[in-house]
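Scroll down for the structure; my scribbles are underneath it.
The values are calculated or read from the model by the stated rules, or taken from the named source; none is laboratory data. Here the structure is a predicted model, which is why all the values come from computation and not from measurement. Here the Cβ positions follow ideal geometry from the backbone for every residue, glycine too, while neighbour counts run over all protein chains shown. Note: accessible area is taken over every heavy atom of the protein model, side chains too, but ligands, DNA and RNA are not part of it. Shrake-Rupley method; radii C 1.70, N 1.55, O 1.52, S 1.80 Å.
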Amino acid sequence: MNIQLHYTVSADDFTRAGEASGAVKAKLKQLGFRPDVIRKVAIAMYEGEINMVIHAGGGVADVDIEADRVVVVLTDQGPGIPDIEKAMQEGYSTASETVRNLGFGAGMGLPNIKKYTDDLIIDTEIGKGTRITMTVLV
Amino acid sequence: MTIADIANILNATVVCGDNLDTEVLGACGSDMMSDVLAYVKEQAVLLTGLVNMQVIRTAEMMDMVCIVFVRGKTPSDEMIDLAKERGMVLLSTELRMFTACGLLYSHGLTGGEQ
Ligand SMILES: Nc1ncnc2c1ncn2[C@@H]1O[C@H](COP(=O)(O)OP(=O)(O)OP(=O)(O)O)[C@@H](O)[C@H]1O
Ligand SMILES: [Mg+2]
């Protein structure tokens, strides 16, 4: 099995954030992946998708589905992450009051992604953008 | 405890969904969605005072079976549509978060921790 999916994640409409993750979840279900694997991918990708929307002005998602692994790559042209070590800490967030009122900005997203994936690579450059590569093994 | 029991205990209105016989094994109460996403529980219910599409999305990613909106909050049509599509039950109670969680806890529903 080798299926590639591509999504554009827009930051214009917050209500639509998570649509790509929802679509991937449905696809994995349809392909017969185990529920725990599907949930890990869905949660990790959703956190990353929300991050692109609230911190980076949107981006793109590329998903590579193979029999033994699912790899999600999220790429944005946002401000980049100045201090990854800090960003990975539970509770660290630069989210605005507006974002917090929407239910995000607990500083739990990146730690959650780390927790639910088997491999996580963060490439980021200030002023250029961020690419997050997450792998869940089946 | 079933979803119907929860509706009863919280004197909640059923906004949508008809699988009220579904057994609920754990619960989570929060207005911060990433806090919810941090702890996976099987067949869980989410209690929240937050009302936007991301509440439904969060529950969707977690495979949650039911969402209870506290403080009399009611979800939008768009939220109801997505919840229906995903087979989730939406409830609305006038109770505040602390009271709603406390009532469910005292009736034997736990956070799902072993
Ligand atoms: N794609 C991104 N582009 C720029 N900065 C980011 C990106 N993703 C995360 N960050 C930075 O890393 C911090 C921590 O991210 P994390 O997802 O853990 O928390 P959060 O998004 O602030 O809150 P939560 O995820 O709990 O809603 C963010 O507050 C932000 O400063
Ligand atoms: Mg986040």
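Would it be correct to say that A:Val37 is in contact (Cβ under 8 Å) with a residue 24 or more places away in the chain, within 13 Å of chain B (Cβ to nearest Cβ) and more than 9 Å from ligand 1 (Cβ to nearest atom)? Yes.
Applying the set (1) more than 9 Å from chain A (Cβ to nearest Cβ); (2) surrounded by fewer than 24 Cβ atoms within 10 Å (Cβ to Cβ) to B:Leu46 leaves exactly one unmet item: (2). Taken over the range B:31-61, residues that are more than 18 Å from B:Ala12 (Cβ to Cβ), in contact with a helix residue (DSSP H, G or I) (Cβ under 7 Å, 6 or more places away or on another chain) and either modelled with pLDDT under 95 or not polar (S, T, N, Q) (or both) amount to 10. Collect the residues in the range B:54-85 that are free of Cβ contacts under 8 Å to residues at least 40 places away in the same chain, open to solvent by 10 Å² or more (accessible area, probe 1.4 Å) and in contact with a Phe, Trp or Tyr (Cβ under 8 Å, 6 or more places away or on another chain), keeping them in residue-number order. Answer for the range B:54-85, where residues must be free of Cβ contacts under 8 Å to residues at least 40 places away in the same chain, open to solvent by 10 Å² or more (accessible area, probe 1.4 Å) and in contact with a Phe, Trp or Tyr (Cβ under 8 Å, 6 or more places away or on another chain): just B:Arg57.
Selection within the range B:21-42: residues that are open to solvent by 50 Å² or more (accessible area, probe 1.4 Å) and in a loop (DSSP other than H, G, I, E, B). The member of this set that is nearest to B:Ala100 (Cα to Cα) is B:Asp31. Going by what's in this entry, would A:Ala56 be described as in contact with a helix residue (DSSP H, G or I) (Cβ under 6 Å, 6 or more places away or on another chain) and surrounded by 15 or more Cβ atoms within 10 Å (Cβ to Cβ)? Answer is no for this residue. Here the strands (runs of 3 or more DSSP E) wholly within the range A:48-138 that include at least 3 residues being away from ligand 2 (no atom under 16 Å from the Cβ), more than 14 Å from every other protein chain (Cβ to nearest Cβ) and charged (D, E, K, R) are A:59-66, A:119-125.
Checking each residue in the range A:69-111 for being free of Cβ contacts under 8 Å to residues at least 12 places away in the same chain and more than 9 Å from ligand 1 (Cβ to nearest atom) picks out A:Glu85, A:Ser96, A:Glu97, A:Thr98, A:Asn101. Applying the set (1) open to solvent by 60 Å² or more (accessible area, probe 1.4 Å); (2) β-branched (Val, Ile, Thr); (3) without any contact (Cβ under 8 Å) to a residue 24 or more places away in the chain to B:Thr2 leaves exactly one unmet item: (1).
Looking at (1) over 30 Å from A:Thr94 (Cβ atoms); (2) without any contact (Cβ under 8 Å) to a residue 40 or more places away in the chain; (3) within 14 Å of chain B (Cβ to nearest Cβ), which is the one condition that is false for A:Glu19? Here A:Glu19 clears every test but (1). With respect to the stated conditions, B:Ile6 fails to be at pLDDT 95 or above, within 28 Å of A:Gly48 (Cα to Cα) and not polar (S, T, N, Q).
Only one of the numbered conditions (1) open to solvent by 70 Å² or more (accessible area, probe 1.4 Å); (2) within 11 Å of ligand 1 (Cβ to nearest atom) is violated by A:Ile132, and that is (1).
In the range A:62-96, of all residues being of a type outside the set (D, E, K, R) and farther than 22 Å from A:Gly127 by Cβ, the one that is surrounded by the most Cβ atoms within 10 Å (Cβ to Cβ) corresponds to A:Val70. Restrict the check to the range B:35-47 and report whether at least one residue is among the polar types (S, T, N, Q) and in contact (Cβ under 8 Å) with a residue 24 or more places away in the chain. No, the range B:35-47 has no match at all.
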